[in-house]
Amino acid sequence: MSNKNYATYNSLMKHMRDNKHIAIKGTSDKKRLMRIGYYHGVKGYCFFKEAKNTINYSTFDEIWAVISFDEDLKAILYQPIMQLEFAIKSYVCDHVVRFVGSSNFSDVFDKGLDNSPKSKSRKYRTRDTIYAALTKRYGVSKIISHYYNQDKPVPLWAIFEELMLGDLSMLIVSLDSQLKLKISQSFGIPKNMNTDGVLLPQVILAIKDLRNAIAHNKVIFDGRYIEFKKRDALKKMLQTQTSIPNIGFDCLIDDVTLICFVMYNLGFSKSQLLKIVSQIEKGILQLKEQLPNMLFQQIAGKTNQKLPFLKRYVNSL
């Protein structure tokens, strides 16, 4: 059997020294390398956003500092973004139930979704997506299994608990426009910038990208996780509401700004938001001490430049 596709960690360290010109040696470095993995760890952190944007490290300590920085960011944001996901679902569910006057999805389908002829196809696709998501969770979720086994309709609160944010955004897109506008006001989205409630699902999709990256332990420091690209109206709204200039959703701190904005409007405390900002600031300062200036600017320069604006916004709340 050929072993040509397998490389030992000793040989990978030699490869890093001889071909990548990265200083790495000894048992301690080998253990650290084995902890993060070469392909998932090192290779994933050797470029900025795209593979063509190579990061030229000179030591393994520099790589380790960037990986640790990224892990710290995920740890800082994990609990707030999971709490925010729950709050989003609760607010949307409450608005829908009050608008429709029922917690049965069949009633939501009849009375809460856009019934215009042009939206008919989307309405039925949304219904099928919801039912498919519930069927997929049968046997996994005790809540869904309970209602299915009793041959009872699953109440909306239970549906929302099981929906992924992507599916939730599809449901929100399909809602009656007046209902979307009511929900949007809870999120702090001004009516004059939110024709037919179009910004609400965009907010959900933007949060979803970062939420999924954190949950699946993907690289986040450079914003490569961003999948939802159509954010021009969202940029304008967030800049107007926060007075923060140059929001481009091209780096992590812009998504953190959106998260802080939504969290505040959904009732999270100012102290919790300040904690997020201060922890990120601490991580940036620590990284700056560990990297040469040119390398630091490539890794966290834009984040470092934008953070004071976010800090000023949160302090003003």
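The values are calculated or read from the model by the stated rules, or taken from the named source; none is laboratory data. Keep in mind that this is a model prediction, so the values were computed, not measured. Glycine also receives a Cβ, built like all others from the backbone with ideal geometry; neighbour counts cover every protein chain displayed.
Numbers at a glance
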read-out	value
All positions within the stretch 87-111 that are within 18 Å of L266 (Cβ to Cβ), surrounded by 15 or more Cβ atoms within 10 Å (Cβ to Cβ) and hydroxyl-bearing (S, T, Y)	Y91
Matching residues, the stretch 103-147, being touching a residue at least 40 places away in the same chain (Cβ under 8 Å) and not in a helix (DSSP H, G or I)	S103, N104, L113, D114, N115
Test: residue in the stretch 214-225 that is charged (D, E, K, R) and closer than 24 Å to S90 by Cβ	no
Of the criteria (1) within 17 Å of I226 (Cβ to Cβ); (2) surrounded by fewer than 18 Cβ atoms within 10 Å (Cβ to Cβ); (3) modelled with pLDDT of 95 or more, which one I259 fails	(2)
Counted residues, the stretch 191-213 - those being in a loop (DSSP other than H, G, I, E, B) and either at pLDDT 95 or above or out of contact with any helix residue (DSSP H, G or I) (no Cβ under 8 Å at 6 or more places or on another chain) (or both)	0
Unmet criterion (only one of (1) touching a residue at least 12 places away in the same chain (Cβ under 8 Å); (2) touching a helix residue (DSSP H, G or I) at 6+ places or on another chain (Cβ under 8 Å)) for F296	(1)
Condition met for G223 (assigned by TED's automatic domain parsing to the domain that holds V256, of a type in the set (G, A, S) and in contact (Cβ under 8 Å) with a residue 40 or more places away in the chain)	yes
Failed item, numbered, when S243 is tested on (1) touching a residue at least 60 places away in the same chain (Cβ under 8 Å); (2) among the polar types (S, T, N, Q); (3) under 23 Å from C93 (Cβ atoms)	(3)
Pairs, first farther than 15 Å from L33 by Cβ in the stretch 1-22, second modelled with pLDDT of 85 or more and in a loop (DSSP other than H, G, I, E, B), C-beta under 9 Å, six or more apart	H21/N56; H21/Y57; H21/S58
Cross-chain or 6+ apart pairs with Cβ under 8 Å, the stretch 196-215 first and more than 16 Å from L84 (Cβ to Cβ), then outside any helix (DSSP H, G or I)	G197/L175; L199/I189
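Each row is one residue, and each column tells you yes or no for (1) at pLDDT 95 or above; (2) of a type outside the set (D, E).
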| site | (1), (2) |
| --- | --- |
| K49 | no, yes |
| K52 | no, yes |
| F60 | no, yes |
| D70 | yes, no |
| Q79 | yes, yes |
| L84 | yes, yes |
